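Below: the structure, in structure tokens.
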Amino acid sequence: MKTIFTKTSGLTERPFHYCPGCTHGIIHRLIGELLEEMNLIEKAIGVAPVGCAGFCENYFSCDMIGAAHGRAVAVATGAKRARPDRFVFTYQGDGDGASIGLAETVSAAARGEKISSIFVNNAIYGMTGGQMAPTSLVGQRTSTSPYGRDAVTMGFPLDLPKILTQVEGAVYVASVSVESPQAIKETKKALRKAFQIQLDGLGYSFVSILSTCPTNWGVDPVEALDWLTTKMKPYFALGELKTPALEGGSNS
Amino acid sequence: MAMLMKGNEAIAEAAIQAGCRLFYGYPITPSTEIPEYMSKKMKSSGGTYLQAESEVAAINMVYGAGAVGERVMTGTSSPGFSLMQEGLSYLFAAEIPCVIVDVMRSGPGLGGLGPTQADYFQLTKGGGHGDYHGIVLAPASVQEMVDLTKEAFDIADYYRNLVIVAVDGILGQMMEPVEFPPYQGRKLSPKTWAASGAEGRPKNNVISYYLTPDLGESENLRWGQKISLMKESEQRFSEYLMDDAEFAFVAFGTSARITETAVDMLREEGIKVGLFRPVTLWPFPEKGLSARLPQIKGLMSVELSSGQMVEDVKLIVNGQAPVGLCKRQGGMTPEPEEVVDAFKKQLLGRGQG
């Protein structure tokens with residue numbers, strides 16, 4: 001019998017702890033596949049965040065470091081500068097990368113650190129039980145914006161990839177999503193490019209991935225995909241926002 | 001051959017000689033010569049100097065480099081050291097060896113640039129969360145800054161624990177003759193635990209959490225055993241004229257240098273005093289001090305703070321003798337005469353003149 005699909009060796013045998021319908025699992029699989037396909041499992045050092053993905057060191061087959069909340073990019077910087085021969089990536093949520101760790105993200109981008117950041121934006125703090133995130137949409141109800149995010153008092157969602165396009169050291173910035181097979185394929189393409197850019201030593205690469213949180217959004221998994229498509233996608237800048245000039249990209 | 005060197009620069013040179021090839025830091029007075037020296041010398045030493053965007057980032061870069069198994073250091077001064085406290089807690093829990101230099105300046109708040117020892121609590125009791133300890137080395141001369149910094153890296157690797165070199169602004173800024181003798185290090189095991197890339201071995205995770213209370217307790221008990229071992233094995237002190245002393249001063253760093261002169265002055269008057277100088281602030285050298293207690297009629301802690309170390313001295317003395325305190329704060333240092341006067345008032349029951 002012909003095998004048409006197997007679990008990638010980039011992931012361990014440990015079952016995911018993620019809620020039903022959460023798309024972290026899909027993103028993990030894509031990264032695991034790329035670690036395997038690009039022959040990076042023995043060369044990679046991943047940095048786990050604090051948040052829903054805070055246990056991802058158990059899932060990826062490579063060496064992993066668990067960082068404090070928001071500090072993954074600083075930890076990755078320390079690791080990469082110590083071992084420039086290694087492939088170093090961070091896996092972070094929106095709170096980790098765009099709120100408490102915003103300074104670390106932007107500063108690492110400015111320095112053009114040769115690391116890759118995967119930024120999973122589900123517009124909410126999942127791990128702590130559904131509080132407002134820096135990326136929560138205006139009007140979005142969360143446990144700390146129970147009447148909906150009010151832009152006057154709580155401000156606007158932060159579009160981190162868009163900001164990073166303005167930072168010279170960030171050479172590859174993509175904003176993708178995982179609500180459909182087509183979108184998942186695009187996401188894998190963006191991740192592959194981001195990883196290759198690090199391997200080529202070009203600078204900081206950043207992939208933002210719009211993701212779902214049915215549990216804390218209070219919807220079922222199918223509705224969650226619809227919410228991502230109809231509410232989140234119109235708000236955030238999407239696509240390959242910045243590609244290296246060498247490739248003849250936009251280089252914004 | 002001895003050369004004249006500034007304390008901060010001597011620390012940086014000693015670190016490079018100890019095999020430290022990574023320095024991450026954020027400039028702050030009075031420790032800036034450390035990053036400046038590193039930025040000048042790391043390149044030719046085949047290492048990396050990186051100016052972080054903050055002390056918060058710096059200590060987490062240290063965490064990353066230590067986690068992959070490399071020798072790494074940062075240097076800062078008190079307000080920056082405050083910002084690093086979260087990192088210290090994580091470094092301890094993840095058992096990542098590293099060296100942190102705190103060149104203390106006066107506080108609280110932005111404070112001033114003058115010398116102080118008022119980080120003592122933060123250094124020895126843990127400014128971060130949870131039950132943890134770093135080994136704290138407190139040199140009192142530029143030469144000792146060199147010797148202890150070199151050793152600090154070995155101690156850190158040996159225990160897989162953070163080691164802090166704590167000096168005040170005077171020691172960081174002053175120049176003294178210094179030598180860099182060859183250093184015979186400890187025998188160390190290879191860092192098989194490091195997350196350096198899983199080439200030809202099972203993967204490693206370097207993490208600092210546990211999700212169940214029973215695991216939390218067993219991890220804390222395991223760390224507690226390490227703390228006990230460090231406490232048992234790493235206490236260090238130095239004594240000056242203690243053999244026949246009836247009274248003991250307890251002081252470290254710059255205040256110990258001042259107190260040494262006060263001891264000489266009191267000895268000239270025929271009063272049998274000596275100086276007990278902790279070289280490790282944590283573990284506090286309680287064995288050495290306890291051993292002196294039978295001969296001691298009274299003790300005086302001399303500190304550049306409101307009196308922080310005096311609490312540890314009192315714990316060890318445990319009511320067996322009176323314990324006095326001579327202190328200056330906010331960047332001021334006492335004259336030896338002030339120490340003599342405080343001693344006479346508080347321990348001999350008579351004032352000067």
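Scan A:Thr187, A:Thr153, A:Thr165 and give me the residue that is more than 14 Å from chain B (Cβ to nearest Cβ), at pLDDT 95 or above, touching a helix residue (DSSP H, G or I) at 6+ places or on another chain (Cβ under 9 Å) and over 21 Å from A:Arg83 (Cβ atoms).
A:Thr187
Can you tell me which residue among A:Thr153, A:Thr187 is part of a helix (DSSP H, G or I), crowded, with 18+ Cβ neighbours inside 10 Å and either among the hydroxyl-bearing types (Ser, Thr, Tyr) or out of contact with any Gly (no Cβ under 8 Å at 6 or more places or on another chain) (or both)?
A:Thr187
With the condition kept exactly as written, say whether any residue in the stretch B:179-192 is outside any loop (DSSP other than H, G, I, E, B) and away from chain A (no Cβ under 14 Å).
Checked the stretch B:179-192: no residue is outside any loop (DSSP other than H, G, I, E, B) and away from chain A (no Cβ under 14 Å).
Just to confirm my filter: which strands (runs of 3 or more DSSP E) fall fully inside the stretch B:251-338 and include at least 1 residues that are among the aromatic types (Phe, Trp, Tyr), under 19 Å from the mean Cα position of the chain (by Cα) and within 20 Å of B:Tyr120 (Cβ to Cβ)?
B:273-278, B:280-282
Taking the condition of being free of Cβ contacts under 8 Å to residues at least 40 places away in the same chain and part of a loop (DSSP other than H, G, I, E, B), how many residues in the stretch B:1-39 meet it?
Selection size over the stretch B:1-39: 2.
Looking at the stretch A:71-94, is at least one residue of a type in the set (Gly, Ala, Ser), surrounded by 24 or more Cβ atoms within 10 Å (Cβ to Cβ), more than 8 Å from chain B (Cβ to nearest Cβ) and in a loop (DSSP other than H, G, I, E, B)?
Checked against the condition, which is being of a type in the set (Gly, Ala, Ser), surrounded by 24 or more Cβ atoms within 10 Å (Cβ to Cβ), more than 8 Å from chain B (Cβ to nearest Cβ) and in a loop (DSSP other than H, G, I, E, B), the stretch A:71-94 yields no hits at all.
Take the residues of the stretch A:45-69 that are within 18 Å of A:Thr8 (Cα to Cα) and not in a loop (DSSP other than H, G, I, E, B): which is farthest from the other protein chains (Cβ to nearest Cβ)?
A:Cys56
Tell me which residues, restricted to the stretch A:156-167, are closer than 11 Å to A:Leu241 by Cβ and loosely packed, with under 15 Cβ neighbours inside 10 Å.
Listed by number, the list holds a single entry, A:Gln166.
When residues of the stretch A:95-113 are filtered for being surrounded by 24 or more Cβ atoms within 10 Å (Cβ to Cβ) and in contact with a strand residue (DSSP E or B) (Cβ under 8 Å, 6 or more places away or on another chain), how many remain?
Total satisfying the criteria: 8.
What residue, of B:Lys231, B:Lys226, B:Lys203, is within 14 Å of chain A (Cβ to nearest Cβ) and either touching a strand residue (DSSP E or B) at 6+ places or on another chain (Cβ under 6 Å) or more than 30 Å from A:Phe89 (Cα to Cα) (or both)?
B:Lys203
Among the residues in the stretch B:8-28, are any away from every other protein chain (no Cβ under 11 Å), aromatic (Phe, Trp, Tyr) and surrounded by 24 or more Cβ atoms within 10 Å (Cβ to Cβ)?
Scanning the stretch B:8-28 turns up no residue that is away from every other protein chain (no Cβ under 11 Å), aromatic (Phe, Trp, Tyr) and surrounded by 24 or more Cβ atoms within 10 Å (Cβ to Cβ).
For the stretch B:339-353: of the residues being part of a helix (DSSP H, G or I) and free of Cβ contacts under 8 Å to residues at least 24 places away in the same chain, which is surrounded by the fewest Cβ atoms within 10 Å (Cβ to Cβ)?
Top of the filtered list is B:Lys345.
Mind checking which residues of the stretch A:156-210 are of a type in the set (Asp, Glu) and closer than 25 Å to A:Cys22 by Cβ?
A:Asp159, A:Glu179, A:Glu186
Restricting the search to the stretch A:126-145, which residues are outside any loop (DSSP other than H, G, I, E, B) and in contact (Cβ under 8 Å) with a residue 40 or more places away in the chain?
The one that is outside any loop (DSSP other than H, G, I, E, B) and in contact (Cβ under 8 Å) with a residue 40 or more places away in the chain: A:Thr142.
Can you name the residue in the stretch B:132-165 that is under 10 Å from the mean Cα position of the chain (by Cα) and part of a loop (DSSP other than H, G, I, E, B) and is also surrounded by the fewest Cβ atoms within 10 Å (Cβ to Cβ) among such residues?
Selected residue: B:Pro139.
Working only within the stretch A:98-125, note down all residues that are assigned to a loop (DSSP other than H, G, I, E, B) and under 20 Å from A:Ala224 (Cβ atoms).
A:Asn122, A:Ala123, A:Ile124
Conditions: (1) more than 30 Å from A:Ala44 (Cα to Cα); (2) among the hydroxyl-bearing types (Ser, Thr, Tyr); (3) assigned to a loop (DSSP other than H, G, I, E, B). B:Ser228 meets all but one. Number of the miss?
Evaluating B:Ser228 over (1) more than 30 Å from A:Ala44 (Cα to Cα); (2) among the hydroxyl-bearing types (Ser, Thr, Tyr); (3) assigned to a loop (DSSP other than H, G, I, E, B) leaves (3) as the failure.
Out of curiosity, is A:Ser211 polar (S, T, N, Q) and touching a helix residue (DSSP H, G or I) at 6+ places or on another chain (Cβ under 7 Å)?
Yes.
Would you be able to say whether some residue in the stretch B:99-108 is touching a strand residue (DSSP E or B) at 6+ places or on another chain (Cβ under 6 Å), farther than 21 Å from B:Arg277 by Cα and crowded, with 22+ Cβ neighbours inside 10 Å?
Yes, because at least one residue in the stretch B:99-108 is touching a strand residue (DSSP E or B) at 6+ places or on another chain (Cβ under 6 Å), farther than 21 Å from B:Arg277 by Cα and crowded, with 22+ Cβ neighbours inside 10 Å.
The values are calculated or read from the model by the stated rules, or taken from the named source; none is laboratory data. Every value quoted in this text rests on a predicted model; they were computed, and no experiment measured them. We place every Cβ from the backbone using ideal geometry, glycine too, and count neighbours over all the protein chains shown.
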